[in-house]
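What follows is calculated from the coordinates using simple rules that are stated; it is not laboratory data. Keep in mind the model is a prediction, meaning the values are calculated, not measured. In this analysis, Cβ positions are derived from the backbone assuming ideal geometry, glycine residues included, and neighbour counts consider all displayed protein chains.
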Amino acid sequence: MNALDAYRDVLKELDKFESPTFSLKDFNYFYNKAISQYVDNNYRQLDLVVKDTEDLASFTSPSYLTTVSSVGVITLPSDFRHLLSLKISVRFKTNVGKYKSGVTYDFWPERMKSGQKGFRYRSAYGKPNYRRYYYEVNNGTIKILFDSSKVEFVGSNNAVIDYITQPSEVTITNLTTYTNPLQFNTGVTRNNIYYEIVNICRAIFLENIESARTPIAMQEAASQ
């Protein structure tokens with residue numbers, strides 16, 4: 001299935017609603033918006049619906065070996081969209097319980113959710129320690145929250161991330177020049193993903209048309 005197939009299928013869906021003309025320019029905008037909405041909606045439901053986890057495999061990068069700096073910062077790859085999992089390796093500075101000084105251990109940090117940081121740090125059972133790690137994603141980096149008095153990050157390739165990639169843009173220049181809309185990193189293409197995105201594209205295009213027909217929008221258009 002290619003972009004031209006997608007354009008034709010969106011046209012078929014729109015014909016059911018007697019919608020206005022759906023141009024190639026409309027397709028290039030609304031279809032990419034539909035892909036973005038599909039990824040974000042499925043990511044938000046990732047822990048709730050197994051189907052969504054499987055479908056997002058078409059947008060997922062293979063496990064990516066990377067480096068945490070000494071202050072706990074990871075620079076994200078350029079095609080990063082959403083983080084799925086993170087494994088870090090830390091070296092203990094001293095013997096703590098079952099953990100031995102100078103030995104490296106693996107941990108899986110938990111995401112520090114918005115609004116919880118103050119609560120976590122005030123709680124003896126919630127703040128970062130040698131067994132409990134958190135992360136924050138911000139401005140192209142992952143920040144690891146850890147107890148630097150007990151552990152440290154050393155060397156390179158001390159973290160592995162799995163993530164959702166930024167989908168490639170889909171464009172149609174003319175009816176013979178186009179890109180493949182489902183050519184993602186894994187090479188996995190599923191019909192249910194394809195048709196779900198087609199239907200999302202149809203829905204947001206119709207919503208946009210209806211919004212343009214509201215009295216306020218019509219008044220603004222008339223005044224221009």
* Asked: Projected onto the charge dipole of the stretch 68-155 (+1 at Lys/Arg Cβ, -1 at Asp/Glu Cβ, origin at the Cα centre), which of Pro77, Gln116, Thr141 gives the Cα projection farthest towards the positive end?
  -> Gln116
* Structure fact -> Site Glu196, offset 7 angstrom along Cα→Cβ, radius 14 Å on amide nitrogen, limited to the stretch 1-43, gives 34-43
* Asked: Taking R0 as 30 Å, what's the FRET efficiency between Ser123 and Asp162 from their Cβ-Cβ distance, rounded to 0.05?
  -> 0.55
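When the dipole is taken about the Cα centre of the stretch 68-155, and only Lys, Arg (+1) and Asp, Glu (-1) are charged at their Cβ, what size is it in debye, to the nearest 20? Show your work: numbers first, answer last.
Details: 16 positive and 6 negative charges, 78 e Å.
Taking the Cα centre of the stretch 68-155 as origin, the dipole is about 380 debye.
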* Structure fact -> Simple SL model, points at 7 angstrom along Cα→Cβ for Arg132 and Thr94; separation in nm is 2.0 nm
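Say the cut-off is 20 Å between C-alpha atoms; which of Lys98/Lys143; Lys117/Lys143; Lys33/Lys143; Lys33/Lys113 go over it?
Numbers: Lys98/Lys143 26 Å; Lys117/Lys143 13 Å; Lys33/Lys143 29 Å; Lys33/Lys113 26 Å.
Those over the limit are Lys98/Lys143; Lys33/Lys143; Lys33/Lys113.
Within the chain, which is the longest segment containing none of the GluC sites (Glu not before Pro) that sit in a DSSP loop and have at most 14 other Cβ atoms within 10 Å? Walk me through the numbers on the way to the answer.
Details: sites that count: Glu18, Glu169.
The longest such stretch corresponds to 19-168.
Would you mind calculating the gained length between Gln37 and Glu110 on full extension (0.36 nm times residue separation, minus the Cα-Cα distance), in nm to one decimal?
On the way: separation 73, 0.36 × 73 = 26.28 nm, distance 2.49 nm.
Full-extension gain reported as 23.8 nm.
Could you size up the charge dipole of the stretch 1-41 around its Cα centre, putting +1 on the beta carbon of Lys and Arg and -1 on that of Asp and Glu, and report it in debye to the nearest 20?
Working: 5 positive and 7 negative charges, 18 e Å.
Using Cβ point charges on Lys, Arg, Asp and Glu, the stretch 1-41 gives about 80 debye.
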* To do: Please check which bits of the stretch 113-153 a label hung off Ser101 would reach, taking the label as a point 7 Å along Cα-to-C-beta and the cut-off as backbone N under 18 Å.
  => 130, 148-153
* Please check the chain for the longest run free of chymotrypsin sites (Phe, Trp or Tyr not before Pro) that are loop-located per DSSP (anything but H, G, I, E, B) and have at most 14 other Cβ atoms within 10 Å. => 18-124
* In percent, what relative contact order does the chain have, based on Cα pairs under 8 Å that are 6 or more apart in sequence? -> 33 percent
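Just need the relative contact order of the stretch 20-134 here, percent rounded to a whole number, with Cα pairs under 8 Å and 6+ apart. Working shown, then result.
Values: 71 pairs, mean separation 14.5, N = 115.
Computed value for the stretch 20-134: 13 percent relative contact order.
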* Stretched out fully, how many nm does the piece from Ser63 to Asp15 gain, at 0.36 nm a residue minus the Cα gap? -> 13.1 nm
* To do: Quickly estimate the mean residue ellipticity at 222 nm for the chain, helices only: each DSSP H run with n ≥ 4 gives -39500 (n - 2.57), and the total goes over all residues, rounded to 500.
  => -11000 deg cm²/dmol
